[in-house]
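First up is the structure itself, then whatever we jot down about it.
The values are calculated or read from the model by the stated rules, or taken from the named source; none is laboratory data. Since we're looking at a predicted model, the values are computed, not measured. Here Cβ is always computed from backbone atoms with ideal geometry, including for glycine, and neighbour counts include all displayed protein chains.
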Amino acid sequence: MIASSSRSLLPGSSRTRLADVASSTVKLVRTAPLHRTLASVAKNSSKPPTGILLMNMGGPSTSTAEEVGDFLSRLFHDRELIQLPFQSRLAPLIARRRTPKIVNQYEKIGGGSPILRWTRTQGKAMTELLDQLHPETAPHKVYVAFRYARPLTEEALDEMAEDSVTRAVGFTQYPQYSCSTTGSNLNELYREIQRRKQRGAPEGEISWSLIDRWPTHPLLVEAFTNRIQAVLDTYPEEKRNKVPIMFSAHSLPMQIVSGRGDPYPAEVAATVAAVMTRLKWSNPYRVTWQSQVGPAAWLGPQTSDTIKGWAKQGHKDAIVVPIAFTSDHIETLYEIDIELQEEADEHGITLKRAESLNDEPTFIRAMAEICTSHLSAVDGTPSKIADERRGEDVWSQGYTSKQMLLRCPGCVNSICAEQKAFFGRT
């Protein structure tokens with residue numbers, strides 16, 4: 001998570017422009033008659049927006065020592081992510097020691113993380129579609145809550161208060177749930193809501209629901225498939241289906257996986273299986289794990305070790321797919337595009353990376369559709385999108401997914417229990 005590549009490895013690739021997203025709007029407007037949409041927007045123009053809170057870990061927007069240091073300090077203080085002895089004392093020391101190294105990494109990818117820029121770009125395009133798809137809850141407005149970088153959760157709630165928001169959807173940008181990622185974001189959101197309640201702030205009374213995971217949403221799967229197919233198409237036909245694919249996801253300590261029973265590995269595997277099914281299992285593949293820190297046991301095999309192993313076996317080509325990330329950030333732009341590329345070059349493998357989802361039109365549509373289905377499920381109202389996706393979108397099940405209500409068997413964090421009861425309204 002804190003060690004991470006600079007430009008796409010796909011030769012000749014080009015970033016999708018928001019014009020492509022806009023063109024896809026034409027198709028989607030048909031799902032809601034134009035006169036009904038315009039009438040609804042006019043009617044709702046004076047009401048507070050429905051808040052869509054996009055949650056992620058975040059990243060420093062500049063490579064200054066101060067901003068990077070603050071990011072690392074928050075990260076190492078988070079006991080839902082990393083548990084250290086004497087953590088309150090060790091965390092700032094570790095952060096200060098690692099800051100120069102991480103500053104250098106951010107400088108190599110352009111002087112900061114692009115994750116905030118991408119999140120805002122995605123959110124803007126998504127809400128434009130969402131207003132068309134679900135005018136009943138329009139207008140919709142995106143807010144961003146990062147766990148370790150600004151804008152922080154408290155800042156997002158302040159912005160909601162300024163807009164007089166009374167209803168909001170917490171929308172994780174981790175498609176696959178983990179207690180150390182989405183869970184940490186939700187625990188922080190819950191704590192901040194309770195602080196507001198205690199001082200009688202109106203934003204403490206916002207009505208919340210959650211999109212807490214969406215690993216197999218059909219349009220998410222299609223978006224990943226589109227990115228992979230674009231890389232496959234660069235190979236000659238006789239080689240195309242022989243190139244092995246690495247689906248690389250952020251690793252977790254085995255203490256979290258086998259000790260607590262975190263669902264993350266299973267949900268990553270579910271995404272990969274759905275993507276491979278859509279690809280008709282055309283290529284050999286493996287799930288690999290990146291960003292391991294420290295000597296403790298983590299999920300494996302590591303992405304870098306996989307490259308070395310395949311080189312020893314005589315492979316000359318490989319494709320890497322960042323399967324657990326929805327936009328570029330340090331783990332794609334530094335870890336993959338720089339570090340992993342150097343290792344591949346050193347071992348004689350030509351490595352290509354599937355572009356991150358970023359503003360891929362199908363991905364933007366996925367975000368809008370899952371919000372539509374979710375809002376309809378919460379309100380118990382009919383939705384053409386929900387009807388069309390019936391049996392495919394199994395994640396829009398009410399205030400939260402059904403999986404959200406089940407604690408990990410080894411969980412000892414009382415905040416998790418309180419948070420699940422609060423958002424699940426149990």
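Just a few scattered comments:
- From the options Val231, Val165, Val243, Val221, residue that is in a loop (DSSP other than H, G, I, E, B), among the aliphatic types (A, V, I, L, M) and out of contact with any Gly (no Cβ under 7 Å at 6 or more places or on another chain): Val243
- In summary, Pro48 fulfils each of the numbered conditions (1) over 28 Å from Ser209 (Cα atoms); (2) at pLDDT 95 or above; (3) not aliphatic (A, V, I, L, M) with the single exception of condition (1).
- Verdict on Gln176 being touching a helix residue (DSSP H, G or I) at 6+ places or on another chain (Cβ under 6 Å) and either part of a loop (DSSP other than H, G, I, E, B) or more than 24 Å from Ala318 (Cα to Cα) (or both): yes
- For the criterion of being in contact with a Pro (Cβ under 9 Å, 6 or more places away or on another chain) and either among the hydroxyl-bearing types (Ser, Thr, Tyr) or part of a strand (DSSP E or B) (or both), Tyr143 passes.
- Tabulated pairs, the stretch 81-100, first over 18 Å from Asn413 (Cα atoms), second of a type in the set (Phe, Trp, Tyr), C-beta under 7 angstrom, 6+ apart or interchain: Ala91/Phe76; Ile94/Phe76; Ala95/Phe76
- Here the condition is being outside any loop (DSSP other than H, G, I, E, B), in the same structural domain as Ser184 (by TED's automatic domain parsing) and acidic (Asp, Glu); of Asp131, Asp70, it holds for Asp131 alone.
- Flag if Pro202 is out of contact with any strand residue (DSSP E or B) (no Cβ under 9 Å at 6 or more places or on another chain), assigned by TED's automatic domain parsing to the domain that holds Cys416 and under 23 Å from Ala274 (Cβ atoms): no
- Matching entry among Ser414, Ser401, Ser383 (being among the hydroxyl-bearing types (Ser, Thr, Tyr) and either more than 28 Å from Ile82 (Cα to Cα) or in contact with a Ser or Thr (Cβ under 6 Å, 6 or more places away or on another chain) (or both)): Ser383
- Test for Val275: is it assigned to a loop (DSSP other than H, G, I, E, B), aliphatic (A, V, I, L, M) and within 23 Å of the chain's Cα centre (by Cα): no
- Evaluation of Leu351 against (1) in a helix (DSSP H, G or I); (2) over 15 Å from the mean Cα position of the chain (by Cα); (3) surrounded by 19 or more Cβ atoms within 10 Å (Cβ to Cβ) (one fails), failing number: (1)
- Some residue of the stretch 13-25 being of a type in the set (Gly, Ala, Ser), modelled with pLDDT of 50 or more, part of a loop (DSSP other than H, G, I, E, B) and more than 20 Å from the chain's Cα centre (by Cα): no
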